[in-house]
Amino acid sequence: MGDGKSIIDGEPSAGIVRSLGLSLLLGCLTAGCTSRKMAVNKLGDALASGGTTFASDEDPELVKAAAPFSLKLMENLLAESPKHKGLLFATASGFTQYAYAFVQQDADELEDKNLAAAAELRTRARKLYLRARDYGLRGLELKHRGFEKRLREDAKAAARAGKSDDVPLLYWTGVSWAAAISVSKDNPDLIGDLPIVEALMDRALELNESFDHGAIHSFLVSYEMSRPGAEGKPEQRSRKHFQRAMELCDGQQAGPLVALAEAVSVKSQNAREFSDLLNRALTINPNARPEWRLVNLVMQRRARWLLSRIDDLFLTPDKP
């Protein structure tokens, strides 16, 4: 998920840069350094351009514990430098990924055991997604003043103002907004924002369909199944995006496989395909592409959970 430069996606060397930047910032703050703003921006640049070392980590639980510190650090830096576009992007993508991997998934797994606790986690996930969305909108507002207001007036027209260098923010703003809607079935006002999500993602696809090795296509695998008023059959549109997503990631990401299984196979009640897709996701070697190790581990966790629910998801007796 993302532009390869976020809370889950990053480069090992960036950790050194970030640590040096943090040392510089703390030194300036404690010594009353007059170049405080410069130190903040330097650290912000390091976080935004290099991400973190989390992407290649093999221990999702360790990342779950550590990620809040990075997110709060970025928020603190934004308080000092509120127009730092790179930090706004990194914070939008980071909160989205954290909420999905470590809050929403926990809620899904807990639901059968404790419905009330799962509902509380989904409420927290929604708040985190909306927090991410707001950072994304702030980033887009830097270049396109009044962007959110125009989005709410005419989403498609407003989204057309986006340019190629806006794609990362268009994507993460759209994904976080969609994710908030997905856990807010009882919130009609938020559900009413779905055309805005569609406009943001369609514009991102138009500008750079190969963004982040097929991330937009992977999102659209799920979205096409509920897109209103589109031409053709939803399943065919979803499968087309799935094929393209798999091409762009060289078949090395579990995400598109999980998306197709969850969005299409369940809807069509194709239990055999569902099982085949999720087992394919589980055969992906997380170590083959270290930069995708963590995201693959996260999606493989979801694949295992989905497989454990096959009797609940399928009514037909034709099960593998």
Please work out how much length the chain gains when fully extended from D45 to R301, using 0.36 nm per residue of separation minus the C-alpha to C-alpha distance, in nm with one decimal. 88.9 nm
Note: the range 281-320 at 20 °C, 1.002 mPa s; Kirkwood Rh on alpha carbon pairs; Stokes-Einstein D in µm²/s works out to 187 µm²/s
Please give the per residue accessible area of the chain, computed with a probe of 1.4 Å over protein heavy atoms only, in Å². 46 Å²
What ³J(HN,Hα) values, in whole Hz, does the Karplus curve 6.51 cos²θ - 1.76 cosθ + 1.60 give for the range 271-280 when θ = phi - 60°, with x put for Gly and Pro? 5, 5, 4, 3, 5, 4, 4, 5, 5, 4
Where in the range 98-116 is the amide nitrogen less than 17 Å from a point lying 7 Å along the Cα-to-Cβ axis of K72? 98-99
Between R239 and R145, what is the label-point separation in nm under the 7 Å Cα-to-beta-carbon projection? 5.0 nm
Rounded, prolate or oblate (a/c below 1.5 giving rounded, otherwise prolate when a/b exceeds b/c) for the range 175-320 by Cα gyration tensor: oblate
Based on the alpha-carbon gyration tensor of the range 244-294 and its eigenvalue square roots a ≥ b ≥ c, which shape applies: rounded if a/c is under 1.5, prolate if not and a/b is larger than b/c, or oblate? prolate
Please report the carbon-and-sulfur percent of the accessible area for the range 119-234; probe 1.4 Å, protein heavy atoms only, DNA, RNA and ligands left out. 51 percent
Taking a 22 Å limit on the Cα-Cα distance, which of the listed pairs K85/K163; K240/K267; K143/K163; K37/K163; K163/K240; K72/K156 fall beyond it? K37/K163; K163/K240; K72/K156
Applying a 10 Å radius around every beta-carbon, put 210-216, 186-192, 243-249, 117-123 in order of their mean neighbour count, most first. 210-216, 243-249, 117-123, 186-192
With each run of n ≥ 4 DSSP H residues scored as -39500 (n - 2.57), what mean residue ellipticity at 222 nm is computed for the chain after dividing by its residue count and rounding to the nearest 500 deg cm²/dmol? -21500 deg cm²/dmol
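The values are calculated or read from the model by the stated rules, or taken from the named source; none is laboratory data. Not measured: the values here are computed from a predicted model. All Cβ positions, glycine included, derive from the backbone under ideal geometry; neighbour counts span all protein chains shown. Each accessible area value is taken on the protein alone, full model and side chains, heavy atoms only, with ligands, DNA and RNA left out. Shrake-Rupley method; radii C 1.70, N 1.55, O 1.52, S 1.80 Å.
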